Structures are given as structure tokens and as C-alpha cells.
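One structure below.
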């Protein structure tokens, strides 16, 4: 194979996976633009000295009122949220029953973004009202839909590595096969040149 053909093949092997990866990342960008929590009341990680009657979540864009839910759990594991969550533009409000325990309360929400994707997350606040019994609870791991590396990005990274790796492997393999072919052709040419010529037997 000539150097020009090899260069063209190398460009094809490198450019094709790169374009494929770029298309995958480009398609994933809109999916990453989910609704993001701007604020919550009570605030995440805060300590309040008066029992709230409701939880209010405010997002950076309007929420679709389909499948939205907010669950608030007391330190002893009792669900204290009552009724359905109310969606109004970019805010989600969840009524609470009477809070009778001091300690850590878990607020878990599930909302539908304007782009149709579901976002879930768990927040918490600590209640410290004089006179209420204190209950110790073990905090659960928070899952944020707006931070960290999403599963989509991880999958795309893996696909990118596999595609680029396959391209490089194909380039190396093709180059080795081409070199072996050229070596064989050179060896054949050298052997042919070294072979003695047949004497001319057509004389008198």
C-alpha cells in the first residue's frame, strides 16, 4: 500500500469515530438540561425551630404536572407528607401533617422537567422545637438530578473509549498487514532479481 493510501485510511479510521462520538455527545446535551432545584423551604441541611406546615420546592423552569411527588419522612421513618403535591409553574408545594419529633427529616421529590425527563433528589432538614422528643435517624444518601456525572455521560464516555480504541486497533492491524505485504513483495522482487537467467539453447 502506498503512503498516500495509508494516510487516507488512517484519516478515515480516526475521523469516523471522532464524528460518531461528537454526534453522541451532541445528542446528549439537550437531555442533560433537566430542571434544577433553585431553593427549598425548609432549606436543604438547615435547622428549623418551628415545625413547617408545608415544603416548597422552587426550580429554574416550569415543571410539568405529571407524575410529580414529594415525600417527607420523620426521624422515626413515618411519612408526614399529606395529600398530593401541587405544581404551579416552577414551584412544587407539599403539605405536611403535624410534626411531633425533633430530628432529621428526609424530603424526597420526583418531578417531571419541561423536557419530559424525570428528576429525583433527596433533601433534608433538622427540626429542633423545644418540648418535642428527639429521635435519631440515619441519613440516607442523597441523589441529585442536577449535579455529579449522569449515567448518560458515563455511557457516552464508555462508548467513546470503545469506538476510538476500535479505530486505533483497526489502524494498527491494517498497517501491520500492509507492511507484511510490502515486505513479501520486496522479498519476491529480490529473489527474482537474484535468480540466474536461463542459458540460450537456441544456438546452432
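On full extension, the segment bounded by residue 50 and residue 128 gains 27.3 nm, given 0.36 nm per residue less the C-alpha separation.
If R0 is 22 Å, what FRET efficiency do you get for residue 86 and residue 136 from their C-beta distance, rounded to 0.05? Write out the running numbers ahead of the final one.
Working: r = 32 Å, r/R0 = 1.45.
With a Förster radius of 22 Å, E is 0.10.
Distance between the modelled labels on residue 65 and residue 41, one decimal in nanometres: 2.0 nm (7 Å Cα→Cβ projection).
Report the gain in length on full extension from residue 190 to residue 173: 0.36 nm times residue separation, minus Cα-Cα distance, nm rounded to one decimal. Mind showing how you got there, number by number?
Values: separation 17, 0.36 × 17 = 6.12 nm, distance 2.57 nm.
Result for the pair: 3.6 nm of gain on full extension.
Given that compact globular proteins tend to follow 2.2 N^0.38 Å, what is the ratio of the alpha-carbon Rg of the stretch 35-145 to that value? Intermediate values should be presented prior to the final figure.
Details: Rg = 13.6 Å, N = 111, 2.2 N^0.38 = 13.2 Å.
Normalised by 2.2 N^0.38 Å, the Cα Rg of the stretch 35-145 equals 1.04.
Just so you know, all these numbers are worked out from the coordinates, no wet-lab data involved. What you see is a predicted model; the values in this text were computed from it and never measured. All Cβ positions, glycine included, derive from the backbone under ideal geometry; neighbour counts span all protein chains shown.
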